[in-house]
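What follows is a single structure, written as structure tokens, with notes after it.
The values are calculated or read from the model by the stated rules, or taken from the named source; none is laboratory data. Computed from a predicted model, the values in this text were never measured in an experiment. Cβ placement follows ideal geometry from the backbone for every residue including glycine, while neighbour counts extend to all protein chains displayed. Quick note on the areas: whole protein, heavy atoms, side chains included, nothing else; ligands and nucleic acids left out. Shrake-Rupley method; radii C 1.70, N 1.55, O 1.52, S 1.80 Å.
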Amino acid sequence: MSAITHEHEHDHDHDHKPTGIKRWLFTTNHKDIGTMYLVFALLMFFIGGSMAMVIRLELFQPGMQFVEPQFFNQMTTVHGLIMVFGAVMPAFTGLANWMIPMMIGAPDMALPRMNNWSFWILPFAFLILLLSLFMPGGGPDFGWTFYAPLSTTYSNDSTALFVFSVHIMGISSIMGAINVIVTIWNMRAPGMTWMKMPLFVWTWFITAFLLIMVMPVLAGAVTMVLTDKYFGTSFFDAAGGGDPVLFQHIFWFFGHPEVYIMILPAFGIVSAIIPTFARKPLFGYASMVYATASIAVLSFLVWAHHMFTTGMPVFATLFFMYCTMLIAVPTGVKVFNWVATMWRGAMTFEVPMMFALAFIVLFTIGGFSGLMLAITPADFQYHDTYFVVAHFHYVLVSGAVFSIIAAAYYWLPKWTGYMYDERLGQLHFWCSLISVNLLFFPMHFVGLAGMPRRIPDYALQFADFNAFISVGGFLFGLSQLIFVWVIVKCARGGEKATAQVWEGAEGLEWQVPSPAPYHTFDTPPEVK
Amino acid sequence: MQLHRTLVSKLLLVTVLMFGFGFALVPLYDVFCEVTGINGKTSNVPATVLADGIDTSREVTIEFLARPNKDMPWIFQPEIRRLTVHPGEVHVMNYLAENPTGRMIVGQAVPSVSPGQAALYLHKIECFCFTQQQLAAGNKMLMPVQFYVDPALPAQFSTITLNYTLYDVTANWQGSAATENLGE
Ligand code: HEM
Ligand SMILES: [Cu+2]
């Protein structure tokens, strides 16, 4: 079946495709747009990463060495914003663009022109955000969570730019999410029933719903900050009858589902990679789908676990504590299913598999520290310390980011038509694995000992650990240069990849040749 | 394409509704706090019904605090720091306010009760915090709050702290402040 379709596709591969910059500016092709998202995310990963390097440089030694406290605050803020909205989310959207149409046998995304828009407004959002750092008074310095009154009463003049850029990011994600839902809903190939969809498609489908439900709430929150600061409203100002704690409720109503937006597609990626390299079908496919859906529903009921110390009444803290712990159940189902998939499998350990395995172990560590944080009385001690920083970097860096890297290695041969350099890839993996733990593991200890987050200086007793953490940070940053090297090398050439690429790989995307032709599945495949 | 259009419009509707929901959280939050009293917020509406009787078997200490916000130049303090009352008894407590500056200033006091759970049981019959207060340059005034403690106050509370933070709202003043408080 597939062979015939491809001959046919190759013919008009070279038709109507403008060249040069115009191709990229005006493209409506899901593969081009996917590539742009991924390249953009990589660029942002390095820009956000260099801010993290500034943070770690300042924290290398106690005392103030390199930067002013206010600039330090701008670095923590913009680092967070860029990594969340500029690196992780666009990377997942890029993967969705590239892979979802190919995985469900659709010729393209459902709304190709909107797709072009949703990508091209993103660079402007981040340009505005980055340029605001150069304004007199500096850029945003109130943390990525922009708590009022830090972002209202006490913020500097760049706040309007911050609000504007968050609005653009939000519009971009909402358009991307709508596109994903419509594509999956309407454009599946004949025979591709709901319960035959690859898990990456499922997890993205659910993520897209989370996006359209919470990004508008974030838009509302930044709008209220804007009007409080510039137009005299008092949503968060007690003098005018508002309440700053209300800000936190609105923000975290968005914020907690947002963290799942950053992890559900990762679950999908790992669920694609583990079966391939274990050469066994995924264990418990249906339970994976239900677990993902229940995580998504529960994610709306736990937001106040970020607010235990705001003085909530006991029954509310209990409610949010139990709901939070409940999420560990479907998450545990997933980890169990991945392990069961590997059980007695014929495993090989290519780079995508290594990153996926590291994901399972390290994400689980992050899940456990999350459970510790969910215990209300314990959180009174851990809150706003480096323990929280350790927690969310385990789930986001060695979780979400590792899954994105795994996905890149897994699908690079399909994208470029060449195998990546396995030896370099393994080097990248081991350097990343070791340095990420040097970087984030000791943060648990300094956090438990009481080192506060987002502060440019610390008590002397934390000096050794911090020097150690900083070295880990620099090593992790450097290790990612190997990744760029592997990608560039693979894009330029190498061993030719077959259509299936990996011996155990299954699914529609592996039936088209490598590199995937510009147009795939113009005539829908028949799924049995 | 028609297929896409109906789905897209439904999804857009969800988006718009959720944007509205973000704003709806503001009144919802206020209502929720008012009904449950969990935010240490007391009601903005004067209590009209008095307690059925006075519970002389019990004593509750009310502590009074006052704090001008950092941009508020008034001198602002309670007449006394604490008062021991029986639940059900109506008391009047005066706060002293003085405007030491050379200009008219309008103030708004925002009450807060701790422990938060006790907020539901502190009823204010009359309070200077219900309206904005206007004070001419150099003037002083007494600002009364008339209140009682609900006899239904759970037994674990023996002390209630009532704090007022005073804000300068001259900039937003609509001219609706209680004018009888002008001067002394
Ligand atoms: C078993 C699952 C999880 C549990 C029980 C959990 C629990 C928590 C709790 C209680 C906090 C608040 C800590 C505090 O501020 O005192 C927290 C913070 C955080 N979590 Fe998780 N979490 C889990 C999974 C995740 C995942 C999967 C992600 C993202 C991929 C994530 C990202 C974050 C972030 C970013 C913060 C910090 C937000 C901030 O204050 O800047 N968590 N988590
Ligand atoms: Cu959360």
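A few remarks follow.
- Angle in degrees between helix A:463-492 and the longest Cα principal axis of chain A, rounded to the nearest 10: 20
- In this label model, B:PHE23 and A:TYR290 are separated by 4.1 nm, measuring between points 7 Å along each Cα→Cβ vector.
- Cα-Cα pairs of the range A:442-488 separated by more than 14 Å (percent): 58
- With contacts taken as Cα pairs under 8 Å at a separation of at least 6 residues, the range B:60-171 carries a relative contact order of 40 percent.
- Inter-site label distance for A:THR19 and A:MET372 at 7 Å from Cα along Cβ, in nm: 5.9
- Cα long-axis angle, helix A:69-81 against chain A (0 to 90 degrees, to the nearest 10): 30
- About the Cα centre, charge dipole magnitude for the protein assembly as shown (Lys/Arg +1, Asp/Glu -1 at Cβ), debye: 1420
- Helix A:244-261 and the longest principal axis of the C-alpha atoms of chain A enclose an angle of approximately 20°.
- A simple spin-label model places the labels of B:THR101 and A:VAL67 3.7 nm from each other, with each point 7 Å out along Cα-to-Cβ.
- Fraction of accessible area attributable to carbon and sulfur, chain B (%, probe 1.4 Å): 57
- Compactness check for the range A:367-412: Cα Rg over 2.2 N^0.38 Å is 1.48.
- For A:TRP98, net neighbour charge (Lys/Arg +1, Asp/Glu -1) across residues whose Cβ lies under 12 Å away: -1
- The calculated FRET efficiency for A:PHE445 paired with B:LEU3, based on their beta-carbon distance and R0 = 56 Å, is about 0.50.
- Bins of 20 Å, starting at 0 and running to the largest distance - Cα pair percent for the protein assembly as shown: 16, 44, 28, 11, 1
- Solvent-accessible surface of protein heavy atoms, probed at 1.4 angstrom with all chains present, puts A:LYS528, A:LYS280, A:LYS196 in the order A:LYS528, A:LYS196, A:LYS280, largest first.
- Of the solvent-accessible surface of chain A, computed with a 1.4 Å probe and all protein chains present, 72% belongs to carbon and sulfur.
- Accessible area buried by the pairing of A and B, both sides summed with a 1.4 Å probe, works out to roughly 2600 Å².
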